[in-house]
Amino acid sequence: MTKRERVKSAIAHRTPDKVPTFFHLAPDGLNKYGEPLFERYGRADMKRLLEEGRIDYRNALYFSMGNHVCFLENFPWWDWKDLPPEYKTEDTPDFIPEARDFGSLEVFAECVRNLRETTDAYILAEVWTSDFEKAYFSRGLEFFLADMAADPEFSQRLLDFITEKNLSLLKEIVKTPGLDGVLLGNDWGSQRDLLMSPTTWRTMLKPGAKREYDLIHGAGLDVWVHSCGDIRKVLPDLCEMGANVLNPVQPECMNIYELKRDFGDTLTFWGGISTQRTLPYGTTEEVRRETREVTARMAENGGYIIAAAQGIQSDVPLENICALVDSANEL
């Protein structure tokens, strides 16, 4: 099987011949460990493609480490433009701020074409900041959560603007030949629970997210969802909405084996190996043991992609990163 076929098989809840992997490092981890990891794992073909400009540095490194999914972020997206200082105060604004587009659809399409021609990987467009995050980035998390309770009319107007802006760009992104899926990022959870009530989530956030999921599915692509924290209360909703892959599946926040039991026939889980305990503080053998155990239990009947629960940061010893990568690839 190709790497892409393994990922598609896992998402379809069929058992591939090898459990797919999708590692990535946080910016500080990449800055600290990129060079030694590339020295250890760098493949000659990836080095050649990097020199030819047909692949970027991160994917050259990550494919060398065994990744089955490409890390593709240079898509055309948008951000807030020149937010006025008064927008992040306790007083609810009476206007929606200006937005600005960035990136090029042509450049994005060329990157996808190069990856499709040079690798057998699954190609994912990763939109880390979507509806809820875009809203609280404009107001600040504390103020926007207060808005949702005290001024739901303004909050909904802001969220609706964000959804429409997202949809206008996603309509073009999903037409890109060779693309396999889109990841939408929203940190709905804290370490212990949702950041808002399930009712508020279902009223204010679910409808816009469902429209985006439907658009992505309508183009024949998979929907990947990123949310940190304990979001178990809305996982039935995500299943109903058609989410295909969930990340980061933090074992410190939710019992990942209960997630597999309760939602494993619908969701594919990407992550699950502890970045709060085992990777930064465990021994290499503990990392290997957790990687083997998590994979054995989460990958039953497909539905799992091996990875650390979060982007690997600089507090993780190099030898533990290698223990994770080596163990995963051995599996």
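The values are calculated or read from the model by the stated rules, or taken from the named source; none is laboratory data. This is a predicted model, so every value here is computed, not measured. Quick reminder, even Gly has a Cβ in these numbers, built from the backbone with ideal geometry, and neighbours come from all protein chains shown. For the accessible areas, the whole protein counts, side chains as well, though only heavy atoms, and no ligand, DNA or RNA atoms are used. Shrake-Rupley method; radii C 1.70, N 1.55, O 1.52, S 1.80 Å.
Can you tell me how the stretch 90-165 classifies by the Cα gyration tensor, rounded, prolate or oblate, using a/c under 1.5 as the rounded cut? Prolate. So which of 8/81; 47/210; 8/206 end up more than 32 Å apart, counting from Cα to Cα? Among 8/81; 47/210; 8/206, the Cα-Cα distance tops 32 Å for 8/81; 47/210.
Taking amide hydrogens as placed 1.01 Å from N in the peptide plane, the amide H of residue 190 sits under 5 Å from those of 195, 230, each at least 5 positions away in sequence or on another chain.
Normalised by the number of residues in the stretch 28-105, the mean separation of alpha-carbon contacts (under 8 Å, six or more apart) gives a relative contact order of 24 percent. For the stretch 2-35, the residues whose amide N sits under 17 Å from a probe point set 7 Å from the Cα of residue 73 along the beta carbon direction are 22-35.
When only Cα pairs below 8 angstrom with a gap of at least 6 residues are kept, the chain shows a relative contact order of 22 percent. Full extension of the segment from residue 5 to residue 47, taken as 0.36 nm per residue of separation minus the current Cα-Cα distance, would add 12.7 nm.
Computed from the C-beta positions of residue 96 and residue 17, the FRET efficiency with R₀ = 45 Å rounds to 0.35. Shape verdict for the chain, please, from the Cα gyration tensor: rounded (a/c under 1.5), prolate (a/b greater than b/c) or oblate. Here the chain falls in the prolate category. Taking amide H positions as modeled 1.01 Å from N, with prolines and chain starts lacking one, the residues under 5 Å from residue 99 and 5 or more places away or on another chain are 81.
In straight-distance terms, cross-link reach from residue 18 covers every one of the aspartates and glutamates whose alpha-carbon lies under 15 Å from its own, apart from those fewer than eight places away in the same chain; here that gives 5, 120, 300, 326, 330.
Probing with 1.4 Å while keeping every protein chain in the model, the per residue accessible area of the chain equals 42 Å². Rounded, prolate or oblate, given the Cα gyration tensor of the stretch 168-249, with a/c below 1.5 counting as rounded? Prolate is the answer for the stretch 168-249, as a/c is 1.5 or above and a/b outweighs b/c. Among residues other than residue 122 with Cβ under 14 Å from its Cβ, the summed charge is +1 (Lys and Arg +1, Asp and Glu -1). Pairs of Cα atoms nearer than 8 Å and 6+ residues apart set the relative contact order; for the stretch 123-238 it is 36 percent.
Entry note, the chain: the mean residue ellipticity at 222 nm calculated from DSSP H runs of n ≥ 4, each adding -39500 (n - 2.57), is -14000 deg cm²/dmol after division by the residues and rounding to the nearest 500.
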